[in-house]
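See below for the structure under consideration.
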Amino acid sequence: MLKVSAHDAALALLATSLVFVVLFWRLGTPTFWDPDEAHYAETSREMIAAGDWSAPFYNEQPFFDKPVLFHQLQAAAMNLVPDPEAGARLVPAVAALGLLAITVWFGTVMVSRDVGIVAGLMLGACPGVFGLARYAILDTLFTMFMFGGASCLAVAALRGRTALQYVGYVGIALGVQTKGPIALVLCGLTMLILIVCSTDLRRPLLALHWAWGLAIIAALSAPWFTYMYVRFKDGFVNGYILDENVRLFAASRFANQPGYGFYVQILAGTLLPWTGLLIGRLIDDARAFRRDGRLDGVEAMLWAWTLAVVGFLRSRRSNSIITSSRRRRRCVCCVHARGRTCERIINRTAIASRASGSTSSDRCSSRSVRRAPTFYRRALRCQQAPSSSRPR
């Protein structure tokens with residue numbers, strides 16, 4: 001019979017309570033507080049309504065902003081859960097749970113069981129996880145796929161468990177299907193930093209079967225992109241490949257981008273209350289590197305990943321990740337919102353008004369109504385209609 005100590009039982013209770021409160025407690029209570037949440041939810045709702053699960057549509061027009069995987073998962077969750085807010089946020093919450101599990105596993109395999117458990121609990125207590133797990137956008141799902149894939153590759157390289165690299169390639173492929181080619185860019189940049197800067201990691205990393213990995217990623221990712229091209233032809237090329245990738249990187253589309261200090265502030269805020277520990281670890285690693293000329297392999301991989309993400313996202317000439325970082329700062333407060341069914345309709349109407357550029361708080365122009373998402377348009381028309389003609 002398996003014996004469980006009082007310490008382990010208390011730790012399990014603490015972990016379960018923490019995870020439930022952070023990820024799932026009152027998940028659907030706050031309204032769609034941000035236009036991005038409404039945008040994603042409406043795209044998934046239209047997928048359900050049209051029965052077309054192969055291509056995302058927004059306001060009944062093809063939506064080429066991101067690949068389709070997140071909307072498919074979000075639409076499936078919205079089909080299962082009657083509450084629209086809870087259904088739309090269920091995928092990020094489950095993805096955050098997966099991210100915690102991956103963190104525990106990675107810490108256990110690379111260091112020790114105690115380190116893995118503590119790392120998972122510390123991550124679960126961070127306000128960044130608390131906020132993004134309750135934010136109906138794809139960032140948490142993308143992070144889970146990317147960190148899961150990178151963790152499997154790290155274990156395969158440093159612990160000799162070579163079969164895990166193929167699981168890692170599948171994770172990266174799912175990242176590509178969630179947010180596009182940026183998944184490959186981030187992983188490739190991290191590997192390049194490690195190969196150039198670490199002689200200890202160069203050999204085990206180059207020993208991985210990267211050619212097979214790229215083939216697996218292409219085989220899993222290419223079918224949807226091919227289907228979209230066959231279906232939408234030049235519209236997909238111009239809307240996704242050129243506008244959402246090439247021009248986004250090549251053109252200075254957004255002015256007044258923040259400097260690197262902005263990301264330092266974001267990391268410091270979202271990692272509270274552990275920010276001081278991270279700074280102390282950075283100082284210790286810097287001293288160790290100065291003394292020995294090398295870093296522990298796990299430490300080097302984690303710092304290289306951080307450098308690749310922050311450096312690349314700051315250097316690219318786009319707004320998507322900058323706004324994502326701002327979301328991380330704002331969404332910590334989203335769980336304080338409260339609302340019932342009527343308040344949700346009013347808030348949705350207000351969001352639609354702001355998204356469409358309307359300055360009036362009590363009515364929207366016909367142009368604003370046309371630009372608002374479909375289920376917001378119904379709320380707007382209901383609010384604007386005479387009381388005698390409103391549905392009861």
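The values are calculated or read from the model by the stated rules, or taken from the named source; none is laboratory data. For clarity, every value in this text was computed on a predicted model and none was experimentally measured. Neighbour counts are summed over all protein chains in view; Cβ atoms, including those assigned to glycine, are modelled from backbone coordinates with ideal geometry.
Annotations for the structure displayed:
- Selection from the range 35-62 of residues that are crowded, with 21+ Cβ neighbours inside 10 Å and either free of Cβ contacts under 8 Å to residues at least 24 places away in the same chain or acidic (Asp, Glu) (or both): Glu37, Glu42, Glu46, Pro56
- Segments classed as helices (runs of 4 or more DSSP H), wholly inside the range 146-221, with at least 1 members that are not assigned by TED's automatic domain parsing to the domain that holds Thr306: none
- Those residues of the range 123-137 which are closer than 23 Å to His71 by Cβ and in a loop (DSSP other than H, G, I, E, B), in sequence order: Ala133, Arg134, Tyr135, Ala136, Ile137
- Here Ala154 fits the description: crowded, with 20+ Cβ neighbours inside 10 Å and among the aliphatic types (A, V, I, L, M).
- Figure legend. Inter-residue proximity from the range 87-111: first residues within 17 Å of Val22 (Cα to Cα) and among the polar types (S, T, N, Q), second residues modelled with pLDDT under 95 and crowded, with 20+ Cβ neighbours inside 10 Å, beta-carbon distance below 7 Å, spacing 6+ or different chains. Indicated pairs: Thr103/Gly120; Thr103/Leu123.
- Filter result for Leu99 (at pLDDT below 90 and either surrounded by 18 or more Cβ atoms within 10 Å (Cβ to Cβ) or outside the structural domain of Leu174 (by TED's automatic domain parsing) (or both)): no
- Any pair with Cβ under 7 angstrom, 6 or more apart, that starts in the range 290-301 at a residue that is in contact (Cβ under 8 Å) with a residue 40 or more places away in the chain and ends at one that is surrounded by fewer than 16 Cβ atoms within 10 Å (Cβ to Cβ) and assigned to a helix (DSSP H, G or I): Arg294/Asp200; Leu295/Ala288; Leu295/Phe289; Gly297/Asp200
- Residue in the range 49-61 that is under 22 Å from the mean Cα position of the chain (by Cα), on the phi < 0 side of the Ramachandran plot and either of a type in the set (Val, Ile, Thr) or part of a helix (DSSP H, G or I) (or both) present: no
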